[in-house]
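Report on the structure given below.
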Amino acid sequence: MACAAALVVPSAALLPQAQAATRSTATPAASHRSAPDRARLTDALNAIHTAGMYGAYAAVRDGDGVWRGATGVADRDTGRPATPGMEHRIGSISKSMTAVALLQQVAAGRLDLDAPLSRYLPGLVPGRRGDRITVRMVLNHTSGIGDYVPYAFPSLQTLDTSSLDEFRFRHISPEQLVRMGVQAPPTGEPGEHWSYSNTNYIIAGLLLGKLTGEDPERYITRHVIRRAALRHTYFPTGPRIKGPHAKLYESFYGLIDPPRDYSVYDMSWVGTAGAVVSTMADLDRFYRALFTGRLIPAAELAEMKKTVPMTDSQGNVVGHYGLALMRYDWGCGTFWGHTGAVFGAETLAISSQDGRRQMALGYNLSKYDKLGADGTVPAGPIDAAINTFVATSLCRPATGSPDLRPADVDHVLAPGSSLDGE
């Protein structure tokens, strides 16, 4: 994160001790010589809970071996345990699915990534600005269009979280969200630099609908989710998660104390930019289908992997962003994936380029670190534990470990703020 979250959460000692043990299942490797190290993964996942996270669930693949585990609690009041197959709001990992659907249109010859947005959606971004912004700029966040989130939840601009509750059951249209983003101060000239904006992927949904003549969420369901054989992945049709799930607690950097459950929420506020519900096993399956050519041809996958520098507020390069894919270059290899955060839920999904080493991790306390007096949010013990789990999942011992801030691109707050909100 531009400001890694750090909130003081209840000590693991305050949680039912019986829930501290990780619940896990594993499938041994068949033809591949490697398999997930069950003991190390169990310890690493438990450490996230011990560091203060309420509950977490994960799915790890190494070759033909699969491990799934969970730790901590799904409900802090009852002590109901987290389980590996829980459905979870995956936030901006949804963007990868939306981008894949649009790359399918590129493959079919219906969309040119370097054409102006105004060719397909005339007037959506008014004036010459709409002629200068290309489809690629929308998908790699170099459009310069601001994020609508601080305007959809206006109290956040003054570090007041009341609008999160006020709008819990509000239904808002994609067109309304885009108007907010387009009217926001631009983050730069079209193509000038990377600046993460959820508005881009609401626009992407409208573009998909225009090209296909179909509701974009329905199209993504049919042509991405079902094609990848994802069994527990869907756009919600109401405010509730359908299957077994954890309560999702939002701290907002300590501004909500104690953290509040936002698992019941109308997700129209984020739509094709982040509304999808999935499981960790399904996320591994999705990225494996993508990287092994089951969803788009090789040429379009190569376009998704063309990156631009991700920069922080001081202009420092902190990563590399393609078309809803982030590239991670670590000592143990190059990996691709995305992060996700919505109110109460955060998620990581990362895969090797061949889909043989993968991890997906979800947890049910969001923006858990605490806002400092200087307006920044330093990393805390939960961040360190998550980094260790990612390294344990993807990197063989002594091959180098990642330095990952779990929600690098998913926290955007108010214009000019040092924080960045969903």
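The values are calculated or read from the model by the stated rules, or taken from the named source; none is laboratory data. As the structure is a computational prediction, the values presented were derived from the model and not from experiment. Every residue, glycine as well, gets a Cβ built from its backbone with ideal geometry; the counts of neighbours run over all protein chains shown. Protein only, heavy atoms only, side chains kept; ligands, DNA and RNA dropped before computing areas. Shrake-Rupley method; radii C 1.70, N 1.55, O 1.52, S 1.80 Å.
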Any residue on another chain or 5+ positions along whose placed amide H is under 5 Å from the amide H of Met310 is listed here as Val318, Gly319, His320, Tyr321
Pairs to check: Lys247/Lys306; Lys95/Lys370; Lys210/Lys247; Lys247/Lys305. Give those whose C-alpha atoms are more than 30 Å from each other in this structure.
-> Lys247/Lys306; Lys210/Lys247; Lys247/Lys305
Inter-site label distance for Thr78 and Ala298 at 7 Å from Cα along Cβ, in nm | 5.1
For the range 51-183, state the semi-axes of the equivalent ellipsoid (square roots of 5 times the eigenvalues of the alpha-carbon gyration tensor), sorted largest first and rounded to whole angstrom.
-> 36, 25, 11
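Compute the accessible area per residue over the range 283-340, keeping the other protein chains in place, probe 1.4 Å, unit Å².
In whole numbers, the range 283-340 has 37 Å² accessible per residue.
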Between Thr158 and Arg218, the two model label points (7 Å from Cα along the beta-carbon direction) sit apart by a distance in nm of 4.3
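Under a 1.4 Å probe, what is the accessible area of the range 113-208 per residue, stated in Å²?
Per residue, the range 113-208 has 39 Å² of solvent-accessible surface.
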State the Cα centre-to-centre distance between the range 156-229 and the range 276-323 in whole Å.
-> 18
Could you work out how far the C-alpha centroid of the range 233-258 sits from that of the range 362-398, in angstrom?
-> 19
Net charge of Cβ neighbours under 13 Å - reference Lys247; Lys, Arg +1; Asp, Glu -1 | 0
Assigned charges on the beta-carbon of Lys, Arg, Asp, Glu; the chain dipole about Cα centre (debye) | 1320
Using the Karplus equation 6.51 cos²θ - 1.76 cosθ + 1.60 (θ = phi - 60°), what ³J(HN,Hα) coupling, rounded to whole Hz, does each residue of the range 298-308 give in order, writing x for Gly and Pro?
-> 4, 5, 6, 5, 4, 5, 4, 8, 7, 9, 10
Environment charge of Glu300, counting only residues whose C-beta is closer than 13 Å and scoring Lys/Arg +1, Asp/Glu -1 | +3
Ranked output for segments 53-62, 113-122, 311-320, 365-374 by mean other Cβ atoms within 10 Å, highest leading, reads 53-62, 365-374, 113-122, 311-320
Given a Förster distance of 45 Å, the FRET efficiency implied by the Cβ-Cβ spacing of Arg179 and Arg396, rounded to the nearest 0.05, works out to 0.35
Hey, in the GNM for the chain with a 10 angstrom Cα cutoff, which one of Ala298, Ala289, Ala273 fluctuates hardest?
-> Ala298
For a paramagnetic label modelled at 7 Å from the Cα of Phe169 toward its Cβ, which residues of the range 252-282 fall within the zone defined by backbone nitrogen distances under 20 Å?
-> 260-271
Diffing the range 111-124: the Karplus 3J(HN,Hα) column from phi (6.51, -1.76, 1.60, θ = phi - 60°), in whole Hz with x for Gly and Pro, holds 9, 10, 4, 9, 7, x, 4, 5, 5, 9, 10, x, x, 5
Near the amide H of Gly65, under 5 Å away, which other amide H atoms are found, from residues 5 or more places off or on another chain, if H is placed in the peptide plane?
-> Ala30
Using the Karplus curve 6.51 cos²θ - 1.76 cosθ + 1.60 with θ = phi - 60°, work out ³J(HN,Hα) for each residue of the range 360-372 in order, rounded to whole Hz, and write x for Gly and Pro.
-> 9, 9, x, 8, 10, 9, 9, 6, 7, 6, 10, 5, x
List the DSSP H helices in the chain whose Cα atoms stretch 15 Å or more along the helix axis and whose mean Kyte-Doolittle hydropathy is at least -0.5.
-> 38-50, 94-107, 198-212, 280-291, 381-394
With Cβ to Cβ distances under 12 Å as the rule, what net charge do the other residues near Gly355 carry (K, R +1; D, E -1)?
-> +2
To the nearest 500 deg cm²/dmol, what mean residue ellipticity at 222 nm is calculated for the chain from DSSP H runs of n ≥ 4 alone, each contributing -39,500 (n - 2.57), summed and divided by the residues?
-> -7500 deg cm²/dmol
Using only the Cα atoms, work out Rg/Rh for the chain, with Rh taken as the Kirkwood radius, to two decimals.
-> 0.94
Run the numbers on the range 289-366 and let me know its relative contact order in percent, using alpha-carbon pairs under 8 Å that are six or more apart.
-> 19
For the range 68-150, with only Lys/Arg (+1) and Asp/Glu (-1) charged at the beta-carbon, what is the dipole magnitude about the Cα centre, in debye rounded to 20?
-> 140
Determine the relative contact order of the chain: mean sequence separation of Cα pairs under 8 Å and six or more apart, normalised by residue count, in whole percent.
-> 24
Of the heavy-atom accessible surface of the chain (probe 1.4 angstrom), what whole percent is carbon and sulfur?
-> 51
